[in-house]
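One structure is given below, encoded as C-alpha cells.
The values are calculated or read from the model by the stated rules, or taken from the named source; none is laboratory data. Bear in mind that the values here come from a model prediction, so they are computed numbers and not experimental data. So basically every Cβ, Gly included, is an ideal-geometry build from the backbone, and we count neighbours across all protein chains shown.
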Amino acid sequence: MQSLRFSALEHLSGVDATISGAEHTNKITDVFGSNVFSGKVMRESLSDEAYKSLMNSIKGGNKIERKMADQIAAGMKAWAMKKGVTHYTHWFQPLTGTTAEKHDSFFTLKGDGTALETFDGDALVQQEPDASSFPNGGIRATFEARGYTAWDPSSPAFIIEQGSGKTLCIPTIFVAYTGESLDYKAPLLKALSALDKAAVDVCNYFDKNVTKVTATLGWEQEYFLVDETLANARPDLVMTGRTLVGHAPAKGQQLEDHYFGSIPERAYAFMRDFEEESYKLGIPLRTRHNEVAPSQFECAPIFEEVNIAVDHNSMLMDIMNKVAKRHKLKCLLHEKPFAGINGSGKHNNWSMATDTGVNLLAPGKTPKTNLMFLTFFVNTIKAVHDHADLLRASIASPSNDFRLGANEAPPAIISIFTGKYLSEVLQEVKTRVSNKFDEQDEAILKLDLHRHIPELLLDNTDRNRTSPFAFTGNKFEFRAVGSSANCASAMTTLNAIMAKTLVNFKKEVDGLIEKGEKKEIAIMQTLRKYIVESERILFEGDGYSEEWEKEAAKRGLENIKTTPLALDAMVNKKNAELFISTGIYNARELHARHEILLEDYVKKVQIEARVIGDLATNIILPAAIKYMNQLVTNIQGLKSIGLGEESFLAQKQIVGKIAEHVNVISENVQKMIEARKVANKLTDQRQKAIDYCDKIKPYFDVIRYHADKLEFLVDDNSWSLPKYRELLFLR
Ligand code: ADP
Ligand code: MG
C-alpha cells in the first residue's frame, strides 16, 4: 500500500490554492463587530434602565440586579434570534489552555407541554457546567466536583457561526463551588482591578481628574501553516503539534527570502477567511505578514483593553484552527514545531491608559506630563526587576522551553531594554537627584529631561530585537510569551506586579511628603531609589549572545531554562505574598495552579515520549530495517554472481551505519521507557516534572539525532514520514 506521505504528496498538487469558504466585503467596517452584542446593539435592544445598569457594571464592576439581568437576557436573546441563533453557551478559558463551551438551546418545554424559546437572567448570569474533568489541582474533591461559570459583563457577548449553526457566547469566569478560580479570566480581572486602583492613586499626584486606568494589550500572533494531508501523515504533528524527528532540509531560512515576502496564495486565502470571521467578532486585526521561517506567518490587531484583547486572542486561536481545516491546512500554534528554524512567539505589547485619554507609557509633551511618564516607566522597571522570576514563571510551558534561550528567541533571562535616550534620562535622574536636591534643581532637571523627549520620539531605529522585555516608544513589549499561550497568564502577572509596585511607590512618596518633602521632589527621590535598586536588569546589548549569559550571571540575574524549576517562583514567599496581598489568588488557588502547571508539564512530556517511542519503533526502525534488507539482498546477489568485496563497499558501509543507528535508537527507546516507569511512580508532582525534564526529555535528543541520520540514509521511497522540505515548502 502507498504510504500516507506519498498519497499526500500526490494530493497536494490538486489543491486549489484560492479556495475560500467566505464571501468577503471590501469594506471591513461593514462587517466589523456584526456578531457582537456591542455598546450600540445594547443601546438599541435594551431599555434605558437596563442599558444604564449594564454600562455601570461594565465601567465600575457593579453587580447587576436580578430584574435587570432578566431584561438584559431578553434583549440579548431577541438580538441573537434575529440573527438566527438557536443555542447559547457560557464561554470560558479553563486551565487546559483552550476555550470551553457547553451549548444549551433556547428551546424549552413548559410544564403544560408548550414549546418556548427562553433565556432568562439566571441563564445569563450563571451556569453549572458538569466540569469535573477540567484541571483543578486538587481543589475539587470528587464529592464536590461542581464548578460554575459567571458572566463577565465587561467582555461583550458574541455569536459564533459554524456552518449554518449559530451560538450565542457569553464570556464568563470559571470557579469551583467553594469559590476558588479555575480559569484564566478570574485572576486576570482581579489583577486589572488592582492595577486600576494603584495606578489611579499614583496618577492623582499629577492629575486629580483621573478616575480609571486600564491596561492595554496588543498581541502579535505567530504561527505556521502546513498542508493538512501532509501533517496528517506525521503522528507527531497530529498528537503533539510539533515534529519530534525530521532531518534538516537543504534549505532552511538562511536565504531570508520568506520574511515580509509576498504572501503565498494558499496562506493568503486562509488569512482572508479567518480575518473575515474575526472582524465579525470585533477582533480588530490589522497586520498580516510572512515571518522569518519558511511557512511561518504573523497577524496582529490594534491594541485593546487587556481583558478584551485576551478574549480576542483566545477566540482567534480557535478560529484559526477551524478555518485552517476548511482550507485543508493545519495551523500550528506550537512554539517550536520545527527544529533548526525559528519558533513562534506572541509578543505582548502592553501599556496603561487613563480615562482622561493619556497613555501612561508615552513620553509627555510638557515637563510635568513627562514626570508622570517617568514615574510609570521607572515603576515598570522596578516591578519587572523585583519579580523577574514570577514573570519568567508566567510564560513557562513545555513548548516555550524549546524557544526561550534558543538562538532566535528571547533568553530565559529577564532583562529590560530601554533604548539610548531613556538610558540617558535614567542616568541623569540617578546622578542629579540627591538628598540635598531642592526645588530649583528639580525644575532644571525636569526641563533637561524634557529635552531628551523630542529625540526619543524621533528615534524609531532604536529597536532591540533580542530583549525579552523592550520599551518601544510608547509601550513595553513582552516578547518572551509563547505563541500557544493564553496571554492572560503573562498579563495577570505583569499587571499584578505593577499594581504592587505602584502601591509601594505611593507609600514611599507619601512617607517623604509627610516628612515635609515637596511632592515632586519626593517623587524624584523615590524614582532615583528605584533606578538604583533595579538598574542591574537593564540591558541594551545582544540578548542572544553568550557574553550576556555570563554578564547576567555576574549581575545575579536568574537564568532558569526549564519549566519545572521556573514555576517555583509562583509559590515562593515573596511572590505568594504579592498575589495574596493584591487579592489575585489565595494560597489555595496559588498552590493549585502551581500543581496544575506541573501536571500539565508531565502530561505533555509524557505524551511526546510515547509518540517518539512509537515513531521510532513502528515507523522509523521498520523503514531502516527494510532498506537494510534490500542492501543485504543486493550484496548477496552481487556475491552470487562472483563479484568481490570491492563491488559492494558502499552498500556494506551503509548497512553498517544503519545497523548502528538502529541499535542506538532501539536501546534508547527502551531506556526511556524504563525512566518513565521510575518517574511515574513519583507522587510529588514537582519532582515528577523535574524527572520528566532531566531524565526523560534528554532521550528525545539522542533518538532524534539517530532517527534523522536514518532519514538521510534510507531510501526516500521507504520513508513514510513527510520530510521537512515537504512540510515547509510545499503548499
Ligand atoms: P511594531 O512594534 O511591530 O513596530 P507597532 O508599534 O505599530 O508595531 O505596534 C505593535 C503592536 O503594539 C500592535 O499590535 C499594536 O496594537 C500594539 N500597541 C501599540 N500601542 C499600544 C499601547 N499603547 N498599548 C498596547 N499595545 C499597543
Ligand atoms: Mg513588535
Among helices (runs of 4 or more DSSP H) entirely within region 564-660, at least 3 residues that are touching a residue at least 24 places away in the same chain (Cβ under 8 Å), closer than 27 Å to T492 by Cβ and under 46 Å from the mean Cα position of the chain (by Cα) occur in 568-571, 573-581, 587-615
Let me confirm something: among P153, P129, P135, which residue is part of a loop (DSSP other than H, G, I, E, B), modelled with pLDDT of 85 or more and under 30 Å from H594 (Cα atoms)?
P153
For region 618-639, does any single residue satisfy the condition of being surrounded by fewer than 17 Cβ atoms within 10 Å (Cβ to Cβ) and either touching a His at 6+ places or on another chain (Cβ under 7 Å) or under 22 Å from M239 (Cα atoms) (or both)?
yes
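Can you tell which of L332, L371 is in contact with a Phe, Trp or Tyr (Cβ under 8 Å, 6 or more places away or on another chain), away from ligand 1 (no atom under 16 Å from the Cβ) and closer than 16 Å to L422 by Cβ?
On the way: L332 fails: closer than 16 Å to L422 by Cβ.
So the residue among L332, L371 that is in contact with a Phe, Trp or Tyr (Cβ under 8 Å, 6 or more places away or on another chain), away from ligand 1 (no atom under 16 Å from the Cβ) and closer than 16 Å to L422 by Cβ is L371.
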Take K102 and decide whether it is touching a residue at least 12 places away in the same chain (Cβ under 8 Å), in contact with a strand residue (DSSP E or B) (Cβ under 6 Å, 6 or more places away or on another chain) and among the basic types (K, R).
yes
Restricting to region 91-105, count the residues that are touching a helix residue (DSSP H, G or I) at 6+ places or on another chain (Cβ under 9 Å) and either in a helix (DSSP H, G or I) or not β-branched (V, I, T) (or both).
6
For region 672-731, list the helices (runs of 4 or more DSSP H) that sit wholly inside it and hold at least 1 residues that are more than 20 Å from S399 (Cβ to Cβ) and polar (S, T, N, Q); which are they?
685-691
Considering each residue of region 89-116, count those that are surrounded by 13 or more Cβ atoms within 10 Å (Cβ to Cβ), over 26 Å from A490 (Cα atoms) and not polar (S, T, N, Q), and give that number.
4
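Just wondering, is there one or more residues in region 720-727 that are in contact with a Gly (Cβ under 6 Å, 6 or more places away or on another chain) and of a type in the set (F, W, Y)? Talk me through it step by step, then tell me what you get.
Step one: list which residues in region 720-727 are in contact with a Gly (Cβ under 6 Å, 6 or more places away or on another chain), which gives 724.
Remaining after also requiring of a type in the set (F, W, Y): 724.
Yes, because at least one residue in region 720-727 is in contact with a Gly (Cβ under 6 Å, 6 or more places away or on another chain) and of a type in the set (F, W, Y).
Being of a type in the set (A, V, I, L, M), part of a strand (DSSP E or B) and within 16 Å of ligand 1 (Cβ to nearest atom) is the requirement here; does M352 meet it? Please lay out each step first, then the result.
Values: of a type in the set (A, V, I, L, M): yes; part of a strand (DSSP E or B): yes; within 16 Å of ligand 1 (Cβ to nearest atom): yes.
Yes, satisfied.
Scan A396, A443 and give me the residue that is away from ligand 1 (no atom under 16 Å from the Cβ) and either outside the structural domain of R528 (by TED's automatic domain parsing) or within 19 Å of the chain's Cα centre (by Cα) (or both).
Details: A443 fails: either outside the structural domain of R528 (by TED's automatic domain parsing) or within 19 Å of the chain's Cα centre (by Cα) (or both).
Result of the check over A396, A443: A396.
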Could you list, ordered by first residue, the pairs with Cβ atoms under 8 Å in which the first is in region 38-57 and under 14 Å from K77 (Cα atoms) and the second is among the hydroxyl-bearing types (S, T, Y) and surrounded by 14 or more Cβ atoms within 10 Å (Cβ to Cβ), at least 6 apart or interchain?
M42/Y51
Would a scan of region 249-271 turn up a residue that is in contact with a Lys or Arg (Cβ under 8 Å, 6 or more places away or on another chain), away from ligand 2 (no atom under 16 Å from the Cβ), among the hydroxyl-bearing types (S, T, Y) and in the same structural domain as F297 (by TED's automatic domain parsing)?
no
Of the conditions (1) within 16 Å of ligand 2 (Cβ to nearest atom); (2) within 28 Å of Q253 (Cβ to Cβ); (3) of a type outside the set (D, E, K, R), the single one that N474 does not satisfy is (2)
